[in-house]
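Engineer: Please read through the structure below; I'll follow up with questions.
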Amino acid sequence: MIRHIIALIAAALTVWAILYMARLDMEVHRLQMIQEIIAKSKQEVKLQPKAAQTPAPKPSKPAVSEESEAQKKLKVLKEKAGRLSAIKVSPLYRRTCSSCHGINGEGTQIAPALVGKSKEYILKALHDFKTGKRKNYVMYGLLQRLDEKQLEELATEISEFAQKLKAAQ
């Protein structure tokens, strides 16, 4: 009876994780669309020959503050988009880990950060969760369907997150 309850909880958490991951994917897609719109909206300035140029009127103070305010908002959006998808991750990581540990492995309120951990540490932790040595029913349920090769791939990928994030900056 307890196994059924635990399995039901694990299944519910898995469904929640999948839905959460889908929501993150939609957010990343939305931010990519915003970046495309920003890129398309950049205007090219065509300069006239030097003899025909007339001095441009100086902008008034309110226009400068409005422009700087828009620039600040744009910068915040770009930074947010960069944090959400700073590095490319494998479908295995995206499907299995990102909904709890974050798309870049930086951790969430649900699960700890993975960035900066060594391959050996991560692989041992994955084995411990899979065998039940470390108790976490969500991790146990997720790892049961993964084979040794997939665990190795995840450990290798996660151990490289710190380098990839540093390179992306």
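Engineer: So residue 101 passes all but one of these: (1) at pLDDT below 70; (2) in contact with a Leu (Cβ under 6 Å, 6 or more places away or on another chain); (3) not aliphatic (A, V, I, L, M). Which condition number does it fail?
Structural biologist: Among (1) at pLDDT below 70; (2) in contact with a Leu (Cβ under 6 Å, 6 or more places away or on another chain); (3) not aliphatic (A, V, I, L, M), residue 101 violates only (1).
Engineer: Continuing with the same structure: Counting just the residues of region 145-169 that are of a type in the set (S, T, N, Q) and modelled with pLDDT of 90 or more, which one comes out farthest from residue 112 (Cα to Cα)?
Structural biologist: Checked region 145-169; the qualifying residue farthest from residue 112 (Cα to Cα) is 150.
Engineer: In region 94-113, which residue that is under 12 Å from residue 138 (Cα atoms) and hydrophobic (A, V, I, L, M, F, W, C) is surrounded by the most Cβ atoms within 10 Å (Cβ to Cβ)?
Structural biologist: Checking each candidate, the answer is 97.
Engineer: Could you check how many residues of region 125-139 are part of a helix (DSSP H, G or I) and either touching a Leu at 6+ places or on another chain (Cβ under 6 Å) or within 19 Å of residue 114 (Cα to Cα) (or both)?
Structural biologist: 9
Engineer: Any residue in region 104-115 that is among the β-branched types (Val, Ile, Thr), within 12 Å of residue 155 (Cβ to Cβ) and in contact (Cβ under 8 Å) with a residue 24 or more places away in the chain?
Structural biologist: no
Engineer: Which one is surrounded by the most Cβ atoms within 10 Å (Cβ to Cβ) among residues in region 140-166 that are under 21 Å from the mean Cα position of the chain (by Cα), assigned to a helix (DSSP H, G or I) and free of Cβ contacts under 8 Å to residues at least 12 places away in the same chain?
Structural biologist: For region 140-166, the residue satisfying everything is 163.
The values are calculated or read from the model by the stated rules, or taken from the named source; none is laboratory data. The structure presented is a predicted model; accordingly, all values stated were derived computationally and were not measured. With ideal geometry, Cβ positions are generated from the backbone for all residues, glycine too; neighbour counts draw on all protein chains shown.
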